[in-house]
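To start, the structure itself, in structure tokens.
The values are calculated or read from the model by the stated rules, or taken from the named source; none is laboratory data. No experiment lies behind these values; they were computed from the predicted model shown. Every residue, glycine among them, receives a Cβ derived from its backbone with ideal geometry; neighbour counts consider all protein chains shown.
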Amino acid sequence: MGVAPSPNDTGTPQRIIPIVAVGGPAAGDDSSAVVSLYESEQKIYARSVFGWFNRWRWAMVWATQGVFYGLPWLSMNDRQAMLFDLVARRFYIFNLVLYPQDLIYLTGLLIISALSLFLFTAVAGRLWCGYTCPQTVYTEIFMWVERKIEGDRLARMRLDKAPLGAAKLARKSAKHAVWIAIGLWTGFTFVGYFTPIRVLTSEVVSLSLGPWELFWVLFYGFATYGNAGWMREQVCKYMCPYARFQSAMFDRDTLIVTYDEARGEGRGSRPRSDTPADYHAKGLGDCIDCSLCVQVCPTGIDIRNGLQYECISCSACIDVCDGVMDKMHYPRGLIRNSTQNGISQKLSRSAIFRRVLRPRVLVYGTVLAVVSLGLIWSLLTRASFRVDVVRDRGVIARMVGQGQIENVYRLQIMNATEHQQHYRLHVTGIEGVRIVSDPVVFVDAANSRWVPVRVQIPPNAAAGSYPISFMIAAQGIPPDEVIEKSVFLVPR
């Protein structure tokens, strides 16, 4: 068996075509050949494209990166507006002050993100991948830098084939220098969400970065440089799990990038002066087989071959095909956003959109709305402080003066406001139970404090375990109260 690769004049990856010889080797032929079962990945030279979808894609690049790079520099209440202080175990999100005990909110946020992904995928395919996925966004930025320094597609192909010289070395070095700078700035910004970014800036300037800060700046910067500069479509095709299970959320009414085969086939070039009657008489459709839709695809696929898992729904092929249709004076939409049912049944745009509200979409939307409203309601009604009650293991239960029975507890009071608060403690659950330590506690702004609390009951209680409740009331405006349950042990 031999392997014959198809010609690759366009720089796009081609499939290997296996050739199987019928019969044995020729007489006297003792040679043996080693045939590779795999083809090495060929570099994709994506062509620049302009159009409506490209403008939307760049709008999302500006929006997402404006938020990512700009948010750490915003200040609020004399602190960084968005800061995840792992050392102090406090997380600041604008006016919210969260503690590790508030992990439930992160869980809710992750559930909302997953449900949103399911909903958007069921309705309109891989919109996330094509417009807001970090891999897509940074690849778009890195490709823009590459085009500005090395030129567009053909210029980059010629440059790569040219022998190494001063001009080639200068262009390649400049490109990678800019890529590395973007990667390091991205890593620096990422760490700035965990270390105050102004403090981090002074540490960078004075070359006094801590080992973990330096590690994460370099690690995240290297990941950005490697994924967006070198791996690119390979991350989407081979590493991202979403590409593998997306088909479970697709159906024939999911909006995807589609090629109108009935209108486009057969493919072939023709003079621009040909009328529809002329090229239809030759057995040709509207596709002039220019291959531009393949050249602009960031994953190197041919959308004319049908729905493929590598397609990230960036719609670059739609932009370039619409431009070709305009030049040929043909109607737009040979490649367009449609559904499999819309193409096969020739549905109108309004009929396609009427099919959006189908059962799976309604289920995803309803669950997403319920979880989102629940999370918002929980955040709006959350107490201004949290309390954890822990029994003092060193003193389980003891007899004190006048036969009183005493248990000792430790209360962790976490002030989630940004001003000092004082709290009054009270206990109920057993007749005669009382707090004999100081019932008033002060906690600094956005801080926590462990408070030892001594609780006593009269001596006539029978041995056993009794439920009690601590009531902690904030003496602020408006007042707030938290109730935490525990048990009181009476020894035999």
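Just the residues that are aromatic (Phe, Trp, Tyr) and loosely packed, with under 13 Cβ neighbours inside 10 Å, please, taken from the stretch 231-252.
If the condition is that a residue be aromatic (Phe, Trp, Tyr) and loosely packed, with under 13 Cβ neighbours inside 10 Å, then Tyr238, Phe245 are the ones that fit.
I want to confirm something. Restricting to the stretch 230-253 and keeping residues that are in contact with a helix residue (DSSP H, G or I) (Cβ under 6 Å, 6 or more places away or on another chain) and not in a helix (DSSP H, G or I), which single residue is farthest from Gln42 (Cα to Cα)?
Here the residue is Asp253.
Search the stretch 202-222 for residues that are outside any helix (DSSP H, G or I) and pair each with any residue that is surrounded by 14 or more Cβ atoms within 10 Å (Cβ to Cβ) when their beta-carbon atoms are under 8 Å apart and the residues are at least 6 apart or on different chains.
Hits for this filter: Leu209/Leu200; Leu209/Glu203; Leu209/Val217; Gly210/Glu203.
Can you tell me which residues in the stretch 396-432 are loosely packed, with under 13 Cβ neighbours inside 10 Å and either of a type in the set (Asp, Glu) or assigned to a loop (DSSP other than H, G, I, E, B) (or both)?
Ile396, Val400, His419, Glu431, Gly432
Any idea which of (1) part of a loop (DSSP other than H, G, I, E, B); (2) buried (at least 20 other Cβ atoms within 10 Å of the Cβ) is the one Cys290 doesn't satisfy?
(2)
Restrict the check to the stretch 256-274 and report whether at least one residue is more than 30 Å from His329 (Cβ to Cβ), free of Cβ contacts under 8 Å to residues at least 12 places away in the same chain, more than 25 Å from the chain's Cα centre (by Cα) and exposed (fewer than 14 other Cβ atoms within 10 Å of the Cβ).
Checking the stretch 256-274: not a single residue is more than 30 Å from His329 (Cβ to Cβ), free of Cβ contacts under 8 Å to residues at least 12 places away in the same chain, more than 25 Å from the chain's Cα centre (by Cα) and exposed (fewer than 14 other Cβ atoms within 10 Å of the Cβ).
Tally the residues that are among the charged types (D, E, K, R), at pLDDT 95 or above and under 17 Å from the mean Cα position of the chain (by Cα), restricting the search to the stretch 99-157.
Of the residues in that region, 1 qualify.
Do you know which residues across the stretch 155-172 are within 25 Å of Ser291 (Cβ to Cβ) and without any contact (Cβ under 8 Å) to a residue 12 or more places away in the chain?
Residues of the stretch 155-172 within 25 Å of Ser291 (Cβ to Cβ): 155-162.
Those that are within 25 Å of Ser291 (Cβ to Cβ) and without any contact (Cβ under 8 Å) to a residue 12 or more places away in the chain: Ala155, Arg158, Lys161, Ala162.
I'd like to know if the stretch 450-464 contains one or more residues that are part of a loop (DSSP other than H, G, I, E, B), touching a residue at least 60 places away in the same chain (Cβ under 8 Å), surrounded by 11 or more Cβ atoms within 10 Å (Cβ to Cβ) and under 45 Å from the mean Cα position of the chain (by Cα).
No - not one qualifying residue is present in the stretch 450-464.
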